[in-house]
């Protein structure tokens, strides 16, 4: 079967450079022969694979034969850390190209509660402007409003306005948090199409991409072929009312939801990214350029089917081919580029499959732990009517309707009840989180309070934070599209791979832990861009090349 990326590129790339044979045939990655240039790369390619845990990377690294295999010839950090507790998409993406943790980026969760928000819905989405009329956190106006710090692309533009910055992703929060505030092109999949901020003109490459994706979705998708290493995992598994585990991404014509949770979404994202690189001549100007690419399908697949099943194995195989085809396309255009690939967070397989795989301690969270159940009990005890606790993920807020004189009692009694529950690891107050400091020790040694502090902002975080015990999944009952998740402070959600590659780089692997906030200062050193005040540190990738830390 012809790789999806090659088919899409044939529609999106300009006729004079249609998808090269290298991208269609997916040859083995080239050996690094010539030494890496001592001059800065002309294009930085920053790839985030949503929910690509270090465990998933370890499971499949020996089976990669294309794009990932090429990246494995560079600098490999298998134990990168999203060191904070709120291991969600928005906070994780905010660290990758800012060099700062969520407590400084302002992106402490995917959503939070703002009881002063100027609308009936008080839940706020991380990448929205909640002041926009007629919006709520589901039907929102995409915005970079809540990102408090600049991205690497913004730093590049400040140093040299000739630098171009582009961001393309399968999610708006990925594109916005990696792209930042000052960006030349920003495009993301939303519901039925690739869109941007309201009023932005559609460049030809994106329109060609939209047209190609529309044709793709309008036609049915036949089941994808299964690589040999995936066949043992293609086992049907009954969970709730559905059977999963052996899906091959067959899709009925017009099924947008199935398209989103499939390798096809990543193929579309990379194809549009390639089209923008070509049309804008990124990597061919007088200043270095940057393109951020958010490959979001692995997260949708992980949530819908669990990262331990055949669907995720097939997704990994297809993503390997897609990345390989994309890099081969850049090679055919003779662009001097450097790649970094990482993830916004990890993930954990669904409870039921884990229980059958020698993990009987796996549990789904009890409804008794919910803020609704706890709030009702505390309200009844203290004689306070109405909802008294509001929740967004693990952050719990005391409702403004609670009389000020009773707030302390509500917090104390709620924490007392929650700490006594067998599925709860700890409950941390605002004061306890604020008092914790970020240590200089490796992130795997941090206390829960220190991990929580790294994703705490007093302006938006809750009155207290509930952290579940390891292997307690925060989904009460699995349903279609949502059987497994992430978001915990435990290392299976915090650890992600970090891979750097440039043609000629002397490859090595460093098994000791690093952080995703180290990426921005490392890339800055690659292009000789001075940066200060970041949380991350520069990683010396190749002492004989341009990207030497100073």
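Coordinate-derived values only; no laboratory data. Worth saying up front: this structure is predicted, and the values here are computed from it rather than measured. Don't worry about glycine lacking a Cβ; one is built from the backbone with ideal geometry, like all the others, and counts go over all protein chains shown.
Here are the numbers for the structure shown:
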{"quantity": "More than 18 angstrom apart: percent of Cα pairs within segment 182-288", "calculated": "60 percent"}
{"quantity": "Calculated P(r) of segment 290-341 - Cα pairs past 15 Å, %", "calculated": "55 percent"}
{"quantity": "By average C-beta atoms within 10 angstrom, highest first, the peptides 184-196, 336-348", "calculated": "336-348, 184-196"}
{"quantity": "Hypothetical label at residue 549: residues of segment 478-515 whose amide nitrogen lies under 14 Å (7 Å Cα-Cβ projection)", "calculated": "510-515"}
{"quantity": "Overall form of segment 435-522 per C-alpha gyration tensor (a/c, 1.5; a/b vs b/c)", "calculated": "oblate"}
{"quantity": "Ordering of 77-89, 162-174 by packing [mean C-beta count within 10 Å, highest first]", "calculated": "77-89, 162-174"}
{"quantity": "Simple label model, 7 Å out from Cα along Cβ direction - residue 234 to residue 482, nm", "calculated": "3.0 nm"}
{"quantity": "Near-label residues of segment 484-521 by backbone N, under 12 Å of a point 7 Å along Cα→Cβ of residue 445", "calculated": "513"}
{"quantity": "Shape of segment 491-540, Cα gyration tensor, a/c cut at 1.5", "calculated": "oblate"}
{"quantity": "Two-site FRET efficiency, residue 281 against residue 532, from Cβ-Cβ distance with R₀ of 22 Å, rounded to 0.05", "calculated": "0.10"}
{"quantity": "Equivalent-ellipsoid semi-axes of segment 142-211, from the Cα gyration tensor, Å, largest first", "calculated": "21, 15, 9"}
{"quantity": "Cα gyration tensor shape for segment 303-410, rounded if a/c is under 1.5, else prolate or oblate", "calculated": "oblate"}
{"quantity": "Sorted by Cβ density within 10 Å, fewest first, the residues 211, 55", "calculated": "211, 55"}
{"quantity": "Contact order normalised by residue count of the chain, Cα under 8 Å, 6+ apart, percent", "calculated": "29 percent"}
{"quantity": "Relative contact order (percent, whole number), segment 394-550, Cα cutoff 8 Å, 6+ residue spacing", "calculated": "19 percent"}
{"quantity": "Principal axis dimensions, segment 213-369 - Cα atoms, whole angstrom, descending", "calculated": "58, 35, 34"}
{"quantity": "Contour minus Cα-Cα distance for residue 376 and residue 193 (0.36 nm per residue)", "calculated": "61.7 nm"}
{"quantity": "Exposure proxy ranking, count of Cβ atoms within 10 Å, fewest first, for 417, 215", "calculated": "215, 417"}
{"quantity": "Over segment 69-117: Rg over Rh, Cα atoms, Kirkwood Rh", "calculated": "1.14"}
{"quantity": "Segment 137-185, relative contact order [Cα under 8 Å, separation at least 6], %", "calculated": "43 percent"}
{"quantity": "Whole-Å distance, taken between Cα centres, linking segment 187-256 and segment 348-384", "calculated": "32 Å"}
{"quantity": "Ordering of 260-271, 455-466 by burial proxy (mean other Cβ atoms within 10 Å per residue, highest first)", "calculated": "260-271, 455-466"}
{"quantity": "The chain: calculated mean residue ellipticity at 222 nm from DSSP helix runs of at least 4, using -39500 (n - 2.57)", "calculated": "-9500 deg cm²/dmol"}
